[in-house]
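Encoded as structure tokens, the structure appears first; notes follow it.
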Amino acid sequence: MNDYILLMHNDARESSGAETNAAWGRYIEALQQSGRFLGGSAMGGGKCYARSGTPREIAAHLTGFIRVQAENLDAAQKFLEGNPVFENGGTVEIRELPPS
């Protein structure tokens, strides 16, 4: 079993606040019921740091993350179903996390 992180981008179509909150509630509940949900959060602003040179700007297009367990990338892709960003035409990037 591998760990994956789903990175939500801010390119989804807009929807109402109550509608979006309800969609996220349903989605998180479904993830919890799968037994493969390891957590997640929205992401706010921040700052990049570098030991030397000028640091880059933060990746403003990333708005949140969800961590799940899956057998492989194809299985992790199934967790896109019901994701409010994905369902509203936005981008969700899936990355495998290395074993600890």
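The values are calculated or read from the model by the stated rules, or taken from the named source; none is laboratory data. Only a predicted model underlies this, so the values are computations on that prediction, with no experimental measurement involved. Here Cβ is always computed from backbone atoms with ideal geometry, including for glycine, and neighbour counts include all displayed protein chains.
Worth a mention:
- So Glu57, is it surrounded by fewer than 14 Cβ atoms within 10 Å (Cβ to Cβ), modelled with pLDDT under 95 and assigned to a loop (DSSP other than H, G, I, E, B): yes
- Scan of the stretch 60-74 for residues that are loosely packed, with under 12 Cβ neighbours inside 10 Å and farther than 17 Å from His9 by Cα, ordered by number: Glu71, Asn72, Asp74
- Flag for Ser41 being out of contact with any helix residue (DSSP H, G or I) (no Cβ under 6 Å at 6 or more places or on another chain) and within 23 Å of Ser15 (Cα to Cα): yes
- Residue check for Ser52: touching a residue at least 12 places away in the same chain (Cβ under 8 Å) and among the hydroxyl-bearing types (Ser, Thr, Tyr): no
- Test: residue in the stretch 75-91 that is in a helix (DSSP H, G or I), modelled with pLDDT of 95 or more and loosely packed, with under 13 Cβ neighbours inside 10 Å: yes
- Taken over the stretch 1-50, the residue count meeting the criterion of being modelled with pLDDT of 95 or more, surrounded by 12 or more Cβ atoms within 10 Å (Cβ to Cβ) and either of a type in the set (Val, Ile, Thr) or assigned to a strand (DSSP E or B) (or both) is 12.
- Members of the stretch 60-74 that are among the hydrophobic types (A, V, I, L, M, F, W, C) and not in a strand (DSSP E or B): Ala60, Leu73
- Residue pairs whose Cβ atoms lie under 7 Å apart, sitting 6 or more positions apart in sequence or on different chains, and linking a residue in the stretch 85-100 that is more than 24 Å from Arg13 (Cβ to Cβ) to a partner that is among the acidic types (Asp, Glu) and modelled with pLDDT of 95 or more, are Leu97/Asp3.
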